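Following: one structure in structure tokens, then a few remarks.
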Amino acid sequence: MIKTSRAVPALPSALLLCLVCAAAAAPPQAQAPAKPERVESARFDVHKAAAPVRVDGVLDEEAWAAAPKIPLPFEWQPGDNIPSPVDTECLVTYDLHNLYVAFRCFDPEPGKIRAHLMDRDDTDTLIMDDHVSFMVDSFNDERRGFQFRVNPMGVQADANFSELEGYEDFSWDAIWKASAKITDWGWAVEVAIPLGQLRFRRSDGPQTWGFEAERSWPRATRHRMTSHVRSRNVNCILCQFNKLTGFEGVVPGQNIELTPTVTAVRTDALDADGYPDGSLARGDIKDDYGLTAKWGITPNLILNGTVNPDFSQVEADVAQLEINRRFALFYPEKRPFFLEGADFFLTPLQAVFTRTVADPLWGTKLTGKTGRTAMGFFAAQDEVTNLLFPSNQGSMPGSLDQSTTGGVFRLRQDVGRASTLGVLYTGRMGNDYGNHVAGADGFFRLDQKNSVIVQFLHSETEYPDAVASAYGQREGRFAGNAATVQFQHFSRDWIVNLAYQDLSPGFRADYGFVPRVDTRQGDVMVFRQFWGKTKDWFNLIRLGVAGEVVYDHGGRLTDRGLTLGLMYQGDLETVVNAHANFTRTFYDGQYFDAVNGDLVFRIRPFNGAQAGFQAQAGQTIDYANARLAQGLSVGPNLSLNIFRRLNLVAAHAYERLSYQGDAVYIANLSQLKLVWNFSVRSFVRAILQYSDQKQNPALYTYPVDSRSRGLFTQFLFSYKLNPRTVLFLGYSDNSLGGVFDSWLGPDRVGLTRTDRTFFLKIGYAWQI
């Protein structure tokens with residue numbers, strides 16, 4: 001895939017805007033509407049279970065004998081709806097409490113089935129195994145689906161899928177049962193989904209739901225089979241689903257769930273003034289109590305609330321090298337409370353990013369859909385207020401020494417068969433501080449291949465005088481605007497994206513992630529795709545060009561360039577992405593012209609193994625010293641599943657910046673994760689992250705430390721009866737060392753532990 005964030009075209013932004021607007025507003029005679037290329041998938045009648053179903057992976061109940069058999073006859077990847085290489089059948093039934101789904105996965109060589117234990121929702125590891133999945137469009141509106149996955153060991157994963165954004169939210173956690181067994185003919189799986197975990201319309205008569213069954217069969221390549229034709233010329237997934245008719249008398253219920261939690265934390269820390277001498281001072285044990293509640297107010301409207309949430313068990317962010325960067329790095333949200341229902345708050349511009357809520361005292365969230373109207377509301381009081389101050393030339397993090405209260409309101413209305421109109425408001429307030437953002441957006445599907453996306457936002461912001469002075473921000477209340485328009489074309493052979501974005505200097509989205517403003521930006525992407533046939537040396541080759549031009553609001557060109565790209569997919573799930581980048585950048589009062597290239601490689605050579613690396617080399621800007629330099633970065637990574645229970649993930653990042661042949665800095669970052677899985681419910685995990693950064697003070701225009709090293713470790717025992725009935729026992733610490741010329745002098749300091757934390761968490765999901 002071509003990365004437009006690095007590329008910038010030689011087309012004026014005014015021309016790009018004209019192209020985008022012309023595509024979006026072309027009259028019918030100029031762009032005749034294409035006839036939808038809809039594929040009529042098979043329909044099945046689903047009957048109420050005639051007898052109870054025991055979820056044990058053995059399909060011997062009477063209910064399965066009477067259930068419709070849904071075949072998976074089509075391989076859609078890498079083949080293009082060719083006959084499936086193996087036989088699979090899916091069975092569906094229900095009662096007044098559960099939706100039941102089962103699979104029989106026949107395999108000519110059962111000894112080659114790939115199956116490993118892992119944590120629930122460890123999707124990156126799960127996709128390397130054999131597994132089945134199904135998705136339910138319970139509203140049958142082709143806009144949102146509930147997805148469930150199971151491997152031959154019974155490991156579960158679930159997600160929400162939003163059609164309009166193409167967004168899979170794997171953080172969504174439903175409470176459901178699954179069991180699987182490997183047999184001499186393949187493997188089988190049984191699943192029970194409580195109806196209270198789904199959302200659907202209340203109806204006295206039969207209902208029709210969209211449904212897709214899929215099987216992943218990884219061997220020399222990963223074959224993916226489905227229950228319906230999946231056309232590469234149709235830019236929607238849910239619209240091609242099978243239809244299930246039945247479900248008479250089912251009621252979703254109010255689904256009341258209370259999850260009290262108890263946490264105990266002790267942190268021992270080294271006094272900063274005593275570093276590197278001294279010892280860790282033993283901290284007090286802080287016990288705390290929290291409560292998370294979930295209430296289905298209506299079948300389709302869910303209220304969530306939390307008080308004193310604790311996220312100590314959440315896996316640490318994957319560390320990134322942050323040197324020689326102008327703009328803030330993006331770290332994904334991982335906390336379950338904020339992630340559930342996150343798709344309701346998606347907009348073209350990232351005006352909502354819940355990681356801005358750092359340490360909430362409480363939070364509440366309301367999400368759901370009534371008829372053709374979807375809504376989301378979120379509010380929280382944050383004890384820590386982090387800020388990001390953006391500009392055209394860079395972004396600067398900051399904070400307020402005060403708590404703040406904020407909220408988000410999102411409303412989206414379905415229009416026609418596959419279009420939407422939406423409004424958004426975000427607000428965050430404190431003492432002498434406020435940020436408010438409001439606007440509207442729209443997604444318009446012109447036909448099955450073409451769509452237009454638009455959004456406009458207006459912000460009003462005021463910082464305390466001390467903060468404005470310290471970070472060079474405007475004093476008093478100031479305003480700004482942001483707007484974007486995109487035209488997208490997706491078809492079997494071509495992918496085209498035209499976009500224009502305008503962010504004024506005064507625009508701030510403190511509840512979102514907008515690291516750059518004062519821009520007028522135009523983007524062009526064009527991909528040509530070539531699909532392989534059975535036994536070809538490739539599955540997919542994609543050639544493309546991407547470009548971007550950026551002007552500030554004073555009319556000065558700040559970025560321009562071009563990227564040429566090649567993507568290859570082949571056997572052993574091999575993926576190669578290669579790019580040549582040609583850029584011109586205005587920085588620190590001067591222009592820099594750079595040429596560089598980058599490469600990404602991935603392969604899955606055998607059962608349970610994945611290896612890859614990424615690299616970049618060529619000219620780049622030394623932002624610390626405002627000059628053109630030579631850059632080299634290399635990042636190998638490896639993932640292994642061993643003996644069904646052990647999972648190892650290792651990664652390393654090396655980065656070197658050179659000026660006139662001498663190293664300005666050399667940075668290394670190593671990461672190791674080991675997980676031993678006792679069962680599908682429990683594991684023990686160790687994470688180690690080691691960083692080592694060397695800098696040459698003679699090549700800097702200001703004082704720097706010669707070397708800094710850091711070590712982070714985390715150990716966790718986890719037991720999950722379900723996603724919210726849990727026991728966590730953990731330990732983490734941080735160590736720091738190096739040669740800190742700027743504050744400790746030229747003496748070397750060995751790695752010294754600066755803090756350590758012990759924690760315990762117990763949670764219990766009480767369902768009513």
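The values are calculated or read from the model by the stated rules, or taken from the named source; none is laboratory data. Worth saying up front: this structure is predicted, and the values here are computed from it rather than measured. For neighbour counting, all protein chains shown are included, and Cβ atoms are generated from backbone atoms with ideal geometry for every residue, glycine included.
Numbers at a glance
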item	result
Residues that are of a type outside the set (Ser, Thr, Tyr) and either assigned to a helix (DSSP H, G or I) or modelled with pLDDT under 65 (or both), drawn from the range 333-368	334, 336, 337, 338, 339, 342, 343, 344, 345, 355
Matching option when the condition is of a type outside the set (Ser, Thr, Tyr) and closer than 19 Å to residue 618 by Cα, among 562, 572	562
Residue check for residue 493: surrounded by 14 or more Cβ atoms within 10 Å (Cβ to Cβ), among the acidic types (Asp, Glu) and over 23 Å from the mean Cα position of the chain (by Cα)	no
Residue 118 being surrounded by 20 or more Cβ atoms within 10 Å (Cβ to Cβ), touching a helix residue (DSSP H, G or I) at 6+ places or on another chain (Cβ under 7 Å), more than 28 Å from residue 453 (Cβ to Cβ) and not aromatic (Phe, Trp, Tyr)	yes
Every pair of residues 6+ apart whose Cβ atoms lie under 7 Å, when the first sits in the range 132-154 and is farther than 20 Å from residue 218 by Cα and touching a residue at least 24 places away in the same chain (Cβ under 8 Å) while the second is assigned to a loop (DSSP other than H, G, I, E, B) and not hydrophobic (A, V, I, L, M, F, W, C)	138/199; 139/201; 142/163; 143/163; 144/163; 146/138
Any hit, the range 166-183, residues being in contact with a strand residue (DSSP E or B) (Cβ under 6 Å, 6 or more places away or on another chain), basic (Lys, Arg) and assigned to a strand (DSSP E or B)	yes
Matching residues, the range 259-278, being in a loop (DSSP other than H, G, I, E, B) and at pLDDT below 90	271, 275, 276, 277, 278
Given (1) surrounded by fewer than 18 Cβ atoms within 10 Å (Cβ to Cβ); (2) over 29 Å from residue 707 (Cβ atoms), index of the condition residue 652 fails	(2)
Residue selected from the range 151-165 under the condition among the small types (Gly, Ala, Ser) and in a strand (DSSP E or B), by the criterion modelled with the highest pLDDT	157
In the range 163-220, residue surrounded by the most Cβ atoms within 10 Å (Cβ to Cβ) [restricted to those that are within 21 Å of residue 96 (Cβ to Cβ) and among the acidic types (Asp, Glu)]	190
The range 60-71 residues that are buried (at least 21 other Cβ atoms within 10 Å of the Cβ), paired with ones that are among the basic types (Lys, Arg) (beta carbon under 8 Å, 6 or more apart)	61/54
Leading residue by the ranking (modelled with the highest pLDDT) among those in the range 380-393 that are surrounded by fewer than 18 Cβ atoms within 10 Å (Cβ to Cβ) and either within 24 Å of the chain's Cα centre (by Cα) or within 15 Å of residue 430 (Cα to Cα) (or both)	381
Inter-residue pairs, beta-carbon under 9 Å, first surrounded by fewer than 17 Cβ atoms within 10 Å (Cβ to Cβ) and in the range 551-577, second acidic (Asp, Glu) and at pLDDT 95 or above, 6+ apart	553/502; 553/518; 554/518
Candidates 724, 756, filtered to the one that is assigned to a loop (DSSP other than H, G, I, E, B), touching a residue at least 40 places away in the same chain (Cβ under 8 Å) and basic (Lys, Arg)	724
Identity of the residue in the range 126-142, in contact with an Asp or Glu (Cβ under 9 Å, 6 or more places away or on another chain) and modelled with pLDDT under 90, that ends up nearest to residue 225 (Cα to Cα)	142
Selection count where residues are among the hydrophobic types (A, V, I, L, M, F, W, C) and within 22 Å of residue 472 (Cα to Cα), scope the range 380-409	6
Every residue from the range 420-453 that is surrounded by 18 or more Cβ atoms within 10 Å (Cβ to Cβ) and among the β-branched types (Val, Ile, Thr)	420, 426, 437, 452, 453
Residue match in the range 398-418 (condition: at pLDDT below 90, within 16 Å of residue 508 (Cβ to Cβ), surrounded by 16 or more Cβ atoms within 10 Å (Cβ to Cβ) and not β-branched (Val, Ile, Thr))	yes
Residue check, residue 124 within 21 Å of residue 160 (Cα to Cα) and surrounded by fewer than 20 Cβ atoms within 10 Å (Cβ to Cβ)	yes
Qualifying residue in the range 48-57 (condition: surrounded by 21 or more Cβ atoms within 10 Å (Cβ to Cβ) and either free of Cβ contacts under 8 Å to residues at least 24 places away in the same chain or aromatic (Phe, Trp, Tyr) (or both))	no
Qualifying residues in the range 483-498 (those that are in a loop (DSSP other than H, G, I, E, B) and of a type outside the set (Gly, Ala, Ser)) - the one farthest from residue 164 (Cα to Cα)	493
Residue within the range 655-668 that is assigned to a strand (DSSP E or B), modelled with pLDDT of 95 or more, over 23 Å from residue 581 (Cα atoms) and within 23 Å of the chain's Cα centre (by Cα) present	no
